[in-house]
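Asks: Here you go, one structure.
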Ligand SMILES: [Zn+2]
């Protein structure tokens with residue numbers, strides 16, 4: 001994988017765009033502490049990464065969640081998505097529900113994970129891209145997470 005330069009001159013990870021998985025249960029979301037050595041390491045975000053050739057955003061998000069947090073794709077129910085674009089590059093956040101007792105373990109690129117109540121997400125040092133998505137005025141992520149399963 002490599003960086004892509006968007007039409008606005010930024011560098012974004014993944015020439016075919018990237019995708020991540022926002023898992024919600026009982027008014028909380030599952031966040032991951034990015035490993036120190038990773039880009040924007042030490043910040044909280046969702047599992048995710050670059051899309052591979054021919055891979056859908058949903059497939060990429062589920063693959064990354066399994067690689068980084070050991071999440072079994074079979075127990076996750078994807079119900080929607082939120083797409084953020086920047087200069088022709090896109091990051092798609094798949095909105096998913098799973099049981100709160102979902103088995104999670106810190107694998108690649110993960111220094112920890114937590115179920116964070118919706119109202120406390122803003123208090124964490126967030127990855128810039130995730131903060132922007134979470135703060136979107138359309139409230140797609142927040143409203144999804146706030147809703148009962
Ligand atoms: Zn950009």
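Bear in mind these aren't lab numbers, they're just calculated from the coordinates by the rules spelled out. Quick caveat, the model's predicted, so the values are computed rather than measured. All Cβ positions, even for glycine, are placed from backbone atoms using ideal geometry, and neighbour counts span all protein chains on display.
Asks: Subtract the Cα-Cα distance of residue 103 and residue 79 from 0.36 nm times their separation in residues, and report this length gain in nm to one decimal. Don't jump to the answer; show the numbers that get you there.
Replies: Details: separation 24, 0.36 × 24 = 8.64 nm, distance 1.98 nm.
Using 0.36 nm per residue and subtracting the Cα-Cα distance, I get 6.7 nm.
Asks: Compute for the range 15-69: radius of gyration divided by Kirkwood radius, i.e. Rg/Rh, restricted to C-alpha atoms, rounded to two decimals.
Replies: 0.99
Asks: Also, I was wondering about something else. Against the longest principal axis of the chain, how steep is helix 57-69, in degrees 0 to 90 to the nearest 10, with axes from Cα atoms?
Replies: 60 degrees
Asks: Report P(r) for the chain: all Cα-Cα distances, bin width 5 Å, range 0 to the bin holding the largest distance, values in whole percent.
Replies: 2, 10, 20, 25, 23, 14, 5, 1, 0
Asks: Turning to a different aspect of this structure: As an exercise, use a Förster radius of 35 Å and the Cβ-Cβ distance of residue 58 and residue 123 to find the FRET efficiency, rounded to the nearest 0.05.
Replies: Using R0 = 35 Å, I get an efficiency of 0.75.
Asks: What order do you get for 13, 89, 37 when you list them from fewest to most C-beta neighbours inside 10 Å?
Replies: By the 10 Å Cβ count, ascending, the order reads 37, 13, 89.
Asks: Return the FRET efficiency for the residue pair residue 143, residue 5: r is the Cβ-Cβ distance, R0 is 35 Å, and the value is rounded to the nearest 0.05.
Replies: For R0 = 35 Å, the calculated efficiency reads 0.60.
Asks: Starting with the fewest neighbours, write out 82, 91 ranked by other beta-carbon atoms found within 10 Å of each beta-carbon.
Replies: 82, 91
Asks: Could you give the distance between the Cα centres of the range 51-67 and the range 127-149, to the whole Å?
Replies: Spelled out, the Cα-based centre of one part sits 20 Å from the other.
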